[in-house]
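Laboratory data are not the source of any read-out in this text; all were calculated from the coordinates shown. Please read these numbers as outputs of a predicted model, since none were measured by experiment. Cβ sites come from the backbone with ideal geometry, for glycine too, and all protein chains shown count toward neighbours.
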Amino acid sequence: MPALTPTVAELYRTYGASALRRARSILGDEARAQDVVQDTFVSLLARPEQFAGRSAFSTWLYSAVTHRCLNTLRDQGNRARLLDRHADAAAPSGGHGGAPEELAAVRALLVRLPAELAQIAVHYYIDGMTHHEIAEVLGCSRRRIGTLLESLPGHAQEIR
Amino acid sequence: MQRAFQRPSGCLSDLVIDRLIVGELDDAARVEVLGHAAACTWCTARIAELRGEQQAFAAGPVPLALHRPKRRILGLSAALAAAAALALVFLPDRSGPEPEPAPELEDVVRTKGAAHVGLYVERDGKLSPLLSGEHIVPGARVQPTYTTTEPGHLAIFGIDGAGRVQRHYPADAPASAPVRPARDEPLPFSLAFDATPGRERLVAVFCEQAFDTAALERRLADDVAVEPGPGCTVDRIDLHKDER
């Protein structure tokens, strides 16, 4: 007889809001954000082993959504468009959520960074996470996060 | 490059607040977080905001759809995709030795609206629809979905080759489960098939009103044919479980 296993639909209802918020903040586009969230949860139906249970589901989901958003930015050709538009963007200032043009400048840089560095940059610059929190999400040491963040200005300089 | 999102120094991140809201924090962390929030208006407001978001989403999320139109499909591709999606959904009674032929357009129109279940199985890393009469291998993981244009009530049973009946949905309630109109809505369980070869039949019963699943389960166990009564639809899917 088939055995019953845990439900993705319930996870979607419980965690979908935070996933959608994350995707919105990274992509700045409601429709694409919904696509990313749907794809993330549907992929769990096909490959539930993605979430190995080594961390809390929220932590895994933050990382998974960020990864998909970065791929979406790359795939959609936003890179060239945003870079053209914001190549000389001024450095963003603080504030809850940041101004749209500032976030666009951040996204423009993200799509040209190496994958791991881009993910760290999202958590640091867009989410406002601490080194400790980023290390927890990515499953690596705080020292590594610090080292990679220190290397970011150099990468950004090269890209510009 | 400066941070685009900045919260006051020492305040809670969204990740911590999300984990608080869904109950992932252990007792010590929860006490610490709530202690901070009690003395911090910024965090109190942020917790309320994110909790409201979560509750609103949980109450009426955009349906989790296995088949969504691709946003960039245009023209003929869109028409073909729509036709393929329609062809997949209509199998109101799928029992019998032969897989049903693909429905003609008239069949689709005539049967449009009948409630039914769908099955999806992972193949080559992607979800593929599983139709009645198809073969599966032991260990296959299958995700059921349902489609209905009207609100109603649903129960799903499994019958193995030896005639044993198992109630899959709702698993632990004596009555059917209410369902709202949806297309290919994933049901809150999946099926993992064991290594015993043979037939597996799924029987899904949709009715306008709630019904007694225990009585229905007994009829199935006694091998009494289940026919749809007034306001009900019965959908059957036969799968053949092969030896690995």
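By counting other Cβ atoms within 10 Å of each Cβ, how are B:THR233, B:THR196 ranked from fewest to most?
Ascending number of Cβ neighbours within 10 Å: B:THR196, B:THR233.
For B:ALA182 and B:GLU122 in one chain, what is 0.36 nm times their gap in residues minus the Cα-Cα distance, to one decimal in nm?
19.4 nm is the gain from fully extending B:ALA182 to B:GLU122.
Across peptide B:161-169, what mean number of C-beta atoms from other chains lies inside 10 Å of a residue's C-beta?
1
Which order do A:GLU30, B:GLU134 fall in if you start with the one that has the fewest other Cβ atoms within 10 Å?
A:GLU30, B:GLU134
Please list 3J(HN,Hα) in residue order for the range B:196-205, calculated via the Karplus relation 6.51 cos²θ - 1.76 cosθ + 1.60 where θ = phi - 60°; whole Hz, with x for glycine and proline.
3J(HN,Hα) across the range B:196-205, in whole Hz: 7, x, x, 7, 10, 10, 10, 10, 10, 10.
Grab the eigenvalues of the alpha-carbon gyration tensor for the range A:112-160, scale each by 5, take roots, and send me the semi-axes largest first in whole angstrom.
Over the Cα atoms of the range A:112-160, the semi-axes work out to 18, 11, 9 Å.
If you wrap a convex hull around the Cα atoms of the range B:14-59, how much volume per residue is inside, in Å³?
So the per-residue Cα hull volume is 60 Å³.
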